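The values are calculated or read from the model by the stated rules, or taken from the named source; none is laboratory data. These numbers come from a predicted model, not from an experiment. When we count neighbours, we look across all protein chains shown, and the Cβ atoms used for this are built from the backbone with ideal geometry, even at glycine.
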Ligand code: DOR
Ligand code: ZN
């Protein structure tokens, strides 16, 4: 592993509160030193003047499609996309094929990830085949290496199973992350149940479908005094429910995704399935509420819900599967739509994309503190670029920011001491 000395960067590390010029020395896979005017013998010395140095991002909601749907993405390609976006740790969701509901599949993912350009953590399924009729062997999944539990892609329909998983997970040191959706209310819907659905004459997914799920998980967390993490929050009501629960001392945490603070249902009026995901893009009032939730800490983290689908899958607006990719644009979307709009500081954005998710998953990264893993990124917070899907590093192109101008460009990514992305000129 090469020794790397990064000099003259603006270091932004929310975990330690550091926000000043300095140098970072990486050796043996860890942050060996951090300070000013560092001098070391190294193979690689970088003059990072004008760039921000931050902890590698932690994306706690990623669909790597491996095993089973590797024409959309695989562990290696997904982690290349991660590296290009400054993401050094991902939580892989279990709606693979076969489902990540057994120890062999957990081990397969972790084994293949050894050669990947990001640290891969596994969320195993809560119920067999995500079917909600048999609980998985949660302890065995933990022993195989899973750190989280979720039926993401679907909710756990049987509330008793969800209650059981939420009560068992803390004893195993696992995080339960919940995709909140009432399938009966959502049935047949393809976009938000609002003005766009009316205009296009298609069935909508009401905000209430998500909110019923959010309310149920909060009720369970409150009743059993156990934590729950709510995934990809998209509605104003869910933000309000989470805010209220936090005030009452319920151990609820939550994430949202860049598309929910950047876009609204208007984006689907072109009938382009690349703007369809679940939960769907909502109204301007919802978008503003998401930003409010990020600002006051109701929403703890930003994750992408990176959900690759091929252009062929996405060809038909009405029948295409839900999902959008996101890891190569998440930092830039945060800078463009939050920091540059004055909604938060760069440090606050970085915290929601690194230290917070690392803490929620209990994984040892998300900080530039001496001794931490050498997961470090360099980016230009002011560079404007236009998203060209042909130049992205993952296998799929279903990006909501395609052809859009974004501000903030990742230049250099080190994961576990290995240079996994380098666009320094
Ligand atoms: O948009 C989505 N895509 N939502 C999900 O819940 C699943 C995901 C996928 O796997 O494609
Ligand atoms: Zn989901």
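Some notes on this structure:
- Any chance residue 413 is at pLDDT 95 or above and under 20 Å from the mean Cα position of the chain (by Cα): yes
- Only a single item in (1) over 26 Å from residue 355 (Cβ atoms); (2) within 21 Å of the chain's Cα centre (by Cα); (3) not in a helix (DSSP H, G or I) is not met by residue 120, and it is number (1).
- Which listed residue is under 28 Å from residue 362 (Cβ atoms) and either surrounded by 24 or more Cβ atoms within 10 Å (Cβ to Cβ) or within 16 Å of ligand 1 (Cβ to nearest atom) (or both), from 258, 227: 258
- Looking across the stretch 195-211, the residues that are in contact with a helix residue (DSSP H, G or I) (Cβ under 7 Å, 6 or more places away or on another chain) and surrounded by 20 or more Cβ atoms within 10 Å (Cβ to Cβ) come down to 196, 204, 205, 207, 209, 210, 211.
- Residue 91 being closer than 30 Å to residue 424 by Cβ and either within 16 Å of ligand 2 (Cβ to nearest atom) or without any contact (Cβ under 8 Å) to a residue 40 or more places away in the chain (or both): yes
- The one condition in (1) more than 14 Å from ligand 2 (Cβ to nearest atom); (2) in contact with a strand residue (DSSP E or B) (Cβ under 8 Å, 6 or more places away or on another chain) that residue 307 fails to fulfil: (1)
- Residue pairs whose Cβ atoms lie under 7 Å apart, sitting 6 or more positions apart in sequence or on different chains, and linking a residue in the stretch 265-280 that is on the phi > 0 side of the Ramachandran plot to a partner that is in a helix (DSSP H, G or I) and more than 16 Å from ligand 2 (Cβ to nearest atom), are 271/200.
- Flag for residue 401 being surrounded by 21 or more Cβ atoms within 10 Å (Cβ to Cβ) and under 15 Å from residue 55 (Cβ atoms): no
- If you go through the stretch 230-240 and keep only what is buried (at least 23 other Cβ atoms within 10 Å of the Cβ) and farther than 19 Å from residue 170 by Cβ, you end up with 232, 233, 234, 235, 238, 239.
- Residue 282 being part of a loop (DSSP other than H, G, I, E, B), within 16 Å of ligand 2 (Cβ to nearest atom) and over 30 Å from residue 170 (Cα atoms): yes
- Picking from residues in the stretch 165-177 that are under 19 Å from residue 223 (Cβ atoms) and out of contact with any strand residue (DSSP E or B) (no Cβ under 6 Å at 6 or more places or on another chain), the one that is surrounded by the most Cβ atoms within 10 Å (Cβ to Cβ) is 168.
- Taken as a whole, the condition of being touching a residue at least 40 places away in the same chain (Cβ under 8 Å), in contact with a helix residue (DSSP H, G or I) (Cβ under 6 Å, 6 or more places away or on another chain) and within 16 Å of ligand 1 (Cβ to nearest atom) does not apply to residue 117.
- Of the set (1) part of a strand (DSSP E or B); (2) surrounded by fewer than 24 Cβ atoms within 10 Å (Cβ to Cβ), all apply to residue 69 but (1).
- Evaluation of residue 217 against (1) within 22 Å of the chain's Cα centre (by Cα); (2) closer than 26 Å to residue 82 by Cα (one fails), failing number: (2)
- Helices (runs of 4 or more DSSP H) enclosed by the stretch 140-222 - at least 1 residues per element that are away from ligand 2 (no atom under 15 Å from the Cβ) and touching a residue at least 60 places away in the same chain (Cβ under 8 Å): 159-172, 195-200
- Residue-level analysis places residue 334 among those that are touching a strand residue (DSSP E or B) at 6+ places or on another chain (Cβ under 9 Å), in a helix (DSSP H, G or I), within 30 Å of residue 310 (Cβ to Cβ) and at pLDDT 95 or above.
- Test result for residue 293, within 16 Å of ligand 2 (Cβ to nearest atom), touching a residue at least 40 places away in the same chain (Cβ under 8 Å) and either in contact with a strand residue (DSSP E or B) (Cβ under 9 Å, 6 or more places away or on another chain) or outside any helix (DSSP H, G or I) (or both): no
- Check on residue 197, closer than 23 Å to residue 321 by Cβ and within 16 Å of ligand 1 (Cβ to nearest atom): no
- Filter pass, residue 351 being in a helix (DSSP H, G or I) and either buried (at least 24 other Cβ atoms within 10 Å of the Cβ) or over 17 Å from the mean Cα position of the chain (by Cα) (or both): yes
- Selection count, the stretch 301-323, where residues are in contact (Cβ under 8 Å) with a residue 60 or more places away in the chain and either outside any loop (DSSP other than H, G, I, E, B) or within 8 Å of the chain's Cα centre (by Cα) (or both): 5
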